[in-house]
1. I'd like to check something: does region 207-222 contain any residue that is surrounded by 16 or more Cβ atoms within 10 Å (Cβ to Cβ) and touching a Phe, Trp or Tyr at 6+ places or on another chain (Cβ under 8 Å)?
2. Give the number of residues within region 259-286 that are under 30 Å from Gly138 (Cα atoms), among the polar types (S, T, N, Q) and surrounded by fewer than 20 Cβ atoms within 10 Å (Cβ to Cβ).
3. Taking the conditions exactly as written (of a type outside the set (Lys, Arg) and touching a Ser or Thr at 6+ places or on another chain (Cβ under 9 Å)), does Asp145 satisfy them or not?
4. With respect to Ala234, determine if the residue is farther than 19 Å from Phe108 by Cα, open to solvent by less than 40 Å² (accessible area, probe 1.4 Å) and among the small types (Gly, Ala, Ser).
5. Please determine, by comparing only the residues of region 58-93 that are touching a Lys or Arg at 6+ places or on another chain (Cβ under 8 Å) and modelled with pLDDT under 85, which one is most open to solvent (accessible area, probe 1.4 Å).
6. Is there a residue in region 239-260 that is farther than 24 Å from Glu152 by Cα and under 26 Å from the mean Cα position of the chain (by Cα)?
7. Taking the stated definitions as given, is Asp126 outside any loop (DSSP other than H, G, I, E, B), more than 30 Å from Leu15 (Cβ to Cβ), modelled with pLDDT under 85 and out of contact with any helix residue (DSSP H, G or I) (no Cβ under 9 Å at 6 or more places or on another chain)?
8. Taking the condition under 30 Å from Ile304 (Cβ atoms), modelled with pLDDT under 90 and open to solvent by less than 20 Å² (accessible area, probe 1.4 Å), does Leu117 pass?
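The values are calculated or read from the model by the stated rules, or taken from the named source; none is laboratory data. What you are looking at is a predicted structure, and each value in this text was computed from that prediction instead of being measured. Using ideal geometry, Cβ is built from the backbone for each residue, glycine included, and neighbour counts are taken over all protein chains shown. Only protein heavy atoms, including side chains, enter the accessible area calculation; ligands, DNA and RNA are left aside. Shrake-Rupley method; radii C 1.70, N 1.55, O 1.52, S 1.80 Å.
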Amino acid sequence: MALTLKAMTYFTTALRHGNITKAATELNIAASAISGAIDQVEAEFDLRLVTRQRAKGIQANANGRKIAEKCARLLEEYQSVLSDGADLKHALNGTLRIGYYAPIAPAFLPQILDSFLPTNSAMTLDLVECDNDAAQDGLLNGAFDVILFVAEGVRAPVDYEPLVAAPPYCLLPEVHPLSHQPTVSMAQIAREPLVVLNRPIAAAYYTGLFKPGSRSAPVVAYANSTEMVRSLVAAGRGCAILNMRPQTSESYFGARVVARPISEDLTPLTLAIGYDKARPRRSVTEFVRACHAHFAIAGKAQCIVQS
């Protein structure tokens, strides 16, 4: 039978007091539990370690003192491990690993991180852009501490909380006639060449917004990055449908784009945050709190296009 931490604790406490009753009082347990632990330790080593004297208490022999010293060291190391683990859980240090399937994350992540993490913090940030499935895989296999992803593609084992529901909007070149309208209809978009963000979930979602047979203009380009979509639109290749916008209207191409609400009430995409709710470190809970605070106050207005 393996020697338990409880048995070692009872054994070393009894030898420190030299008295079973006093050890039981300190540990707030029955004296029989102390006596049983001494028996367990002796049985484990098959050695007599303690002399019991009814009037004088207990006395460890040489072997007993040696075993008690080693048990005390093990218990001290065990407490040190627990203490270090608690420090890790509650400290804002180490590495915070964030996986994100959020094409405009660079527009809001720095602001969120600044809200709880000072620039001189000892924490290292590991930020990885990935697709929706890879983000969830990373959370489930421990590669990420927390993920930002689209909740419409969530898997059952992933614990998550919604951050913001983002309705689709139309992205247009600044010089396009439709850019001067307060809203744009799906019928109008259907007559325009379309640039599609070709990412998992996104491409099917955007093309699925159109009624079958309603499009009279082709898809002119598929691009797997939001900035490429924005640059193609800015260059006049077509318009696009997106859900979240960055805080600038200028594209990498140099020309500007305009975001316009779509007049129809269409199904939004939901940006969500996923993390292990059972055992979160303090850095994770602070990041989650900061994300909720950001999108509850200014973040929604900054990245959502509403009519």
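1. no
2. So the count comes out to 3.
3. On the way: of a type outside the set (Lys, Arg): yes; touching a Ser or Thr at 6+ places or on another chain (Cβ under 9 Å): yes.
Answer is yes for this residue.
4. On the way: farther than 19 Å from Phe108 by Cα: yes; open to solvent by less than 40 Å² (accessible area, probe 1.4 Å): yes; among the small types (Gly, Ala, Ser): yes.
When the stated conditions are applied, Ala234 passes them.
5. So, considering only residues that are touching a Lys or Arg at 6+ places or on another chain (Cβ under 8 Å) and modelled with pLDDT under 85, the one most open to solvent (accessible area, probe 1.4 Å) is His90.
6. So far as region 239-260 goes, yes, one or more of its residues are farther than 24 Å from Glu152 by Cα and under 26 Å from the mean Cα position of the chain (by Cα).
7. Working: outside any loop (DSSP other than H, G, I, E, B): yes; more than 30 Å from Leu15 (Cβ to Cβ): yes; modelled with pLDDT under 85: no; out of contact with any helix residue (DSSP H, G or I) (no Cβ under 9 Å at 6 or more places or on another chain): yes.
Criteria not met by Asp126.
8. Working: under 30 Å from Ile304 (Cβ atoms): yes; modelled with pLDDT under 90: yes; open to solvent by less than 20 Å² (accessible area, probe 1.4 Å): yes.
When the stated conditions are applied, Leu117 passes them.
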